[in-house]
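Scroll down for the structure; my scribbles are underneath it.
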Amino acid sequence: MPWEFERNGELQIVDPPDRLVVGVDAAAAAIEFARAGRGLIYTFENWLEPSFASGELAPVLPEWWTSFEGPSLYFSSRFMPAPLRAFVDFIKMEAVVSATGASAWSATPAYR
C-alpha cells in the first residue's frame, strides 16, 4: 500500500520497498513499534497525538500530510436497521464529546 503525501494540490506517492502493513485492529501495536524506534508509522494523526505530545514520536513531513475529513455514510433509502442506527448515533455522540469535551450523558441524542 503506497503512502500518499499532498501539498498545495501536488500529490507525491511513495511506495516503500520494505514495510509492515497492519489492520486497524493492530494499530496500537504498530504505534508501539514506532515508539520503540523500529520504523515510521503512517496512520491517523489523532491516534498519534499522545505520542507527539509526550515526545515519544516526532511528526515527519507534516507539510505533506493528507487531510482527512473523516468517514462519510450514505444511505440509499430512508430506512435504517436498528443496529446501524445505534452505531450512527454512537459515532455522532463520540464526535460531540471529542469536539466539545462534553460528558457522554449531555451529548446523548434524544428521540421522541
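The values are calculated or read from the model by the stated rules, or taken from the named source; none is laboratory data. This is a predicted model, so every value here is computed, not measured. Using ideal geometry, Cβ is built from the backbone for each residue, glycine included, and neighbour counts are taken over all protein chains shown. Note: accessible area is taken over every heavy atom of the protein model, side chains too, but ligands, DNA and RNA are not part of it. Shrake-Rupley method; radii C 1.70, N 1.55, O 1.52, S 1.80 Å.
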Revision key, fill the gap. Over the stretch 1-103, with neighbouring protein chains present, the accessible area per residue in Å² at probe 1.4 Å is 80
Revision key, fill the gap. FRET efficiency for residue 79 and residue 13 from the Cβ-Cβ distance with R0 = 25 Å, rounded to 0.05, comes out at 0.05
**Study point:** Nearest-0.05 FRET efficiency for residue 64 and residue 36, computed from C-beta distance (R0 22 Å)
**Key:** 0.35
Practice item. Rounding to the nearest 20 debye, state how big the charge dipole of the stretch 4-84 is about its Cα centre with +1 on each Lys and Arg Cβ and -1 on each Asp and Glu Cβ. Key: 240
